[in-house]
Amino acid sequence: MTEAQLQVQANQVKNLVSINKSIESLTLIIQATGKNYDKLPSFLLGTVQSSLHQVLEEIHTAAKLYCHYDAINSVDLSPDGQMIVSGSSDKTVRLWDLQGNLISQPFQGHKSSIRSVAFSPDGQMIVSSSSDKTVRLWDLQGNPIGQPFRGHQDWVNSIAFSPNGLTIVSGSRDQTIRLWNLQGNLIGQPFQEHQTSVRSVAFSPNGLTIVSGSRDQTIRLWDLQGNPIGQPFQGHQDSVYFVAFSPDGQTIVSGSRDQTIRLWDLQGNPIGQPFQGHQDSVYFVAFSPDGQTIVSGSFDRTVRLWDLQ
């Protein structure tokens, strides 16, 4: 292999490292070195060894931020802004500081993928939901609090704490929304109006209203007794993946598989035109604390900021 060919492989290694293909990058550089070790001139051998050392260092640094073993489906920032919780298809929940260092051991107990995670308003508990049809409550050391919450008949796609931290709302692929107390007891009857999977749920800032988004392409508002408020919000052309209230509780933002973001008033009227720019499903949306900016995340591998002013 010529020096030019070795340089091509070195560039491939750097590319693999940049996209976190650690094992593949190590394999390639070891193969290249092994096949050509006896042919390498002394001046080039040192360069190869240095490159290998650099790759190992970069992988070691990156590994701190990549300790899940499968897709990360949900993250949440603690109320004090000092910790991040993540939930993964590897069946674990993990807690991190802002430098990417793990705090405590993985939270283990779910039998299938974690679909959603959230901090309690006081930052002392974490709630998680899973494809195993359960909801679980944890302390910050990863110890389960009580027994799993059981009642849903299919994946629990989304969860959220009420602003006072005393109630949890969950949305499921079984087409229902449920309210729970912190002991895992159901509050009232399931909310039933969506025609297919509920993908996202959220409490209003005053805790008196719940918003939900569904694969049936609609958004709905509910009171805490499970009564629908008004008519479904209609406008998206595909599944609604995520919904959120503005900080003042007067506006709802939604992200959809139709690649758009929409704003709504509380009567279900669209505000302005759909936000267009993503090239694939919009999987996450949220307001900034001042309510003037929206952030969105998409399957197109981009994050976008949108100015509402």
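The values are calculated or read from the model by the stated rules, or taken from the named source; none is laboratory data. It should be emphasised that the depicted structure is a prediction, and the values quoted were computed from it without experimental measurement. Using ideal geometry, Cβ is built from the backbone for each residue, glycine included, and neighbour counts are taken over all protein chains shown. The protein model used for the area step is the full one, side chains on, heavy atoms only, and it has no ligands, DNA or RNA in it. Shrake-Rupley method; radii C 1.70, N 1.55, O 1.52, S 1.80 Å.
Computed values, structure above
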item	result
Packing-based order for 253-260, 223-230, using average beta carbon neighbours within 10 Å, highest first	253-260, 223-230
Karplus (6.51, -1.76, 1.60) ³J(HN,Hα), θ = phi - 60°, over segment 259-264, in Hz, Gly and Pro reported as x	6, 10, 10, 10, 10, 9
For segment 113-169, accessible area per residue (1.4 Å probe, heavy atoms of protein chains only), Å²	36
Long-range tail of P(r) for segment 219-309 (Cα pairs > 20 Å, %)	31
Pairwise centroid distance, computed over Cα atoms, of segment 97-111 with segment 114-185, Å	17
Highest-first arrangement of 144-151, 196-203, 158-165, 270-277, where packing means the average Cβ count within 10 Å	196-203, 158-165, 144-151, 270-277
Semi-axis lengths (Å, descending) of the ellipsoid that matches the C-alpha gyration tensor of segment 152-283	23, 16, 13
Computed label-point distance, nm, for sites Ser288 and Gln237 using a 7 Å Cα→Cβ extension	3.0
Residue order for Tyr283, Tyr69 - accessible surface, 1.4 angstrom probe, largest first	Tyr69, Tyr283
Solvent exposure, largest accessible area first (probe 1.4 Å, DNA, RNA and ligands not counted), of Asp290, Asp90	Asp290, Asp90
Debye-sum result for segment 186-260 in log10 I(q)/I(0), which assumes one identical scatterer on each alpha carbon, at q = 0.27 Å⁻¹	-1.34
Phi to ³J(HN,Hα) by Karplus 6.51 cos²θ - 1.76 cosθ + 1.60 over segment 74-82, Hz, x for Gly, Pro	7, 9, 8, 9, 5, x, 8, x, 9
Karplus (6.51, -1.76, 1.60) ³J(HN,Hα), θ = phi - 60°, over segment 286-296, in Hz, Gly and Pro reported as x	7, 8, 6, x, 8, x, 9, 9, 10, 10, 9
Cα Rg, Dmax, segment 151-212, angstrom units	10.7, 30
